[in-house]
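The values are calculated or read from the model by the stated rules, or taken from the named source; none is laboratory data. Computed from a predicted structure; not experimentally measured. In this analysis, Cβ positions are derived from the backbone assuming ideal geometry, glycine residues included, and neighbour counts consider all displayed protein chains. Heads up: the accessible areas ignore ligands, DNA and RNA and are worked out on the full protein's heavy atoms, side chains in. Shrake-Rupley method; radii C 1.70, N 1.55, O 1.52, S 1.80 Å.
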Amino acid sequence: MPLIIIGIIFITGLLYSIYFPQVPEIIMIQRRSLIPHRIKTKLPLYSNIKTYHITVKILKKKQRRIIMIIRPRRLRNGDSLRKMVRETRVDSSSLIYPMFVMDGENKKEEISSMPGQYRYTVDKLMDGLEEVLNSGVDKVMLFGIPDKKDEHASQAFADDGIVQKALLEARKNFPQLYLITDVCLCEYTSHGHCGMLHGHDVDNDSTLPILARTALSHVQAGADMVAPSDMMDGRVSAIRAELDKNGFNNTPIMSYAVKYASAFYGPFRDAADSAPAFGDRKTYQMDFHNSREGIREAVLDVEEGADIIMIKPAMAYNDMITKVKEAVSVPVATYSVSGEYAMVKAAAQNGWIDEKKIISEMAIGAYRAGASIYLTYYAKELAQYFKEG
Ligand code: PBG
């Protein structure tokens, strides 16, 4: 008997607490995992998550007022507020504009697979550089397209090589411009590979001194920074040693450390006439199925003395930007490559996408992922958009 009475009291209590719960005036409906402890504990008897949901149902039935206290939309209300709470802020000092320079005079040729991008002869390049500076970008990455190519890439490190000539002129005319050069051999070799050939093998170690020599010749001609993109093992130390030996201890190296063998480089190879004559670049550029390998490359290059690590391409590799940023403590750059540009341009020219919005979204995506430096053929446009906010 007493047991039955206790049982009745208990059940009445339970029902009472469910039907007349001491719910706080304001409670929140969120996904289970998001119910804050504070609110849970204000719930009546048996206020585990399950009872909470039952309670909410009953409350609805009884038409009690239920108010969400956490509303992410509150901070999206109006441009001014949205800008205040932005997590990613950008400015044009982080932009680098890639440019192509070729032998000859008075020529500016549009690259057919990259409308709006050009190959300049050195004299015309100066006009191009002026435009870049006027747009608010003060950093360029130079690529050379020599007239003569040979097996040994001798034009890559020649004193009167195309990049060297461009550097001398640019340095003279635009002291305020920050000049970065791509250090690689593929534009200079007759076979289009990024290193020396032994049979059909791209030989790593015999390529290193040539890369180092090329980097040194760029710096001697006025480059502020060199960016090796060849993906040979050990090239950062080889370049660092060569620069230091010649008194350029303060010239930074931005390493294309995490560079994938990517079809996104297609239009660039048209532009630079650097497609490999046979085979592909898979024995030196990375397999795009891999991410841990990318961390390994990045860490190695930092150990070898790289000052900045680049991930390339950008758009399909934003995960790598985030991972590399966590793994190393040097600044992280990413390169939105020619194929990314060509795709956006083509779709925009067809009226299929809003070019400005797409470019901005791609750029912010890269910065949000963790890049603090962004190389893009849209640098001039982006500088303008950044200014507009
Ligand atoms: C040179 C180099 C390439 C790019 C930058 N440096 C081409 C390649 O590796 O084949 C690609 C840049 C772009 O696609 O915009 N090795």
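Structural remarks
- Condition check for N106: within 19 Å of A383 (Cα to Cα) and open to solvent by 20 Å² or more (accessible area, probe 1.4 Å): no
- Total residues in the stretch 166-224, condition open to solvent by less than 40 Å² (accessible area, probe 1.4 Å), more than 15 Å from the ligand (Cβ to nearest atom), under 18 Å from L243 (Cα atoms) and not in a loop (DSSP other than H, G, I, E, B): 8
- Checked against (1) outside any loop (DSSP other than H, G, I, E, B); (2) surrounded by 14 or more Cβ atoms within 10 Å (Cβ to Cβ); (3) more than 16 Å from the ligand (Cβ to nearest atom), V90 passes all but a single condition, namely (1).
- Residues within the stretch 232-262 that are in contact with an Asp or Glu (Cβ under 7 Å, 6 or more places away or on another chain), assigned to a helix (DSSP H, G or I) and surrounded by fewer than 18 Cβ atoms within 10 Å (Cβ to Cβ), tallied: 0
- Among residues of the stretch 349-367 that are closer than 19 Å to A316 by Cα, those with a beta-carbon under 6 Å from a residue that is open to solvent by less than 50 Å² (accessible area, probe 1.4 Å) and hydrophobic (A, V, I, L, M, F, W, C) at least six positions away or on a different chain give the pairs I353/A347; E355/A348; I358/V344; A363/L382; A366/A314; Y367/V90.
- Within the stretch 137-165, restricting attention to residues that are more than 30 Å from the chain's Cα centre (by Cα) and among the basic types (K, R), the residue that is surrounded by the most Cβ atoms within 10 Å (Cβ to Cβ) is K149.
- Residues being near the ligand (Cβ under 10 Å from one of its atoms) and touching a residue at least 60 places away in the same chain (Cβ under 8 Å) - total across the stretch 247-262: 2
- Checking each residue in the stretch 320-354 for being assigned to a loop (DSSP other than H, G, I, E, B), under 23 Å from F268 (Cα atoms) and either more than 16 Å from the ligand (Cβ to nearest atom) or among the charged types (D, E, K, R) (or both) picks out N350, I353.
- Within the stretch 302-320, residues that are over 15 Å from D287 (Cβ atoms) and among the acidic types (D, E) sit with their Cβ atoms under 6 Å from residues that are assigned to a helix (DSSP H, G or I) and away from the ligand (no atom under 13 Å from the Cβ), at 6+ positions apart or across chains, in these pairs: E304/V236; E304/S237.
- Criterion: within 26 Å of S94 (Cα to Cα) and free of Cβ contacts under 8 Å to residues at least 24 places away in the same chain - qualifying residue of D160, D138, D127: D127
- If only residues of the stretch 305-319 that are in contact with a strand residue (DSSP E or B) (Cβ under 7 Å, 6 or more places away or on another chain) and open to solvent by 10 Å² or more (accessible area, probe 1.4 Å) are counted, the one that is farthest from the ligand (Cβ to nearest atom) is G305.
- Selection count where residues are part of a loop (DSSP other than H, G, I, E, B), touching a residue at least 24 places away in the same chain (Cβ under 8 Å) and open to solvent by 40 Å² or more (accessible area, probe 1.4 Å), scope the stretch 284-299: 2
- Consider the stretch 263-283 and keep the residues that are aliphatic (A, V, I, L, M) and part of a helix (DSSP H, G or I). The one that is farthest from the ligand (Cβ to nearest atom) is A263.
- Of the criteria (1) over 17 Å from the mean Cα position of the chain (by Cα); (2) within 16 Å of the ligand (Cβ to nearest atom); (3) buried (at least 16 other Cβ atoms within 10 Å of the Cβ); (4) of a type in the set (A, V, I, L, M, F, W, C), which one V302 fails: (2)
- Within the stretch 334-374, considering residues that are closer than 16 Å to E87 by Cα and hydroxyl-bearing (S, T, Y), the one surrounded by the fewest Cβ atoms within 10 Å (Cβ to Cβ): S372
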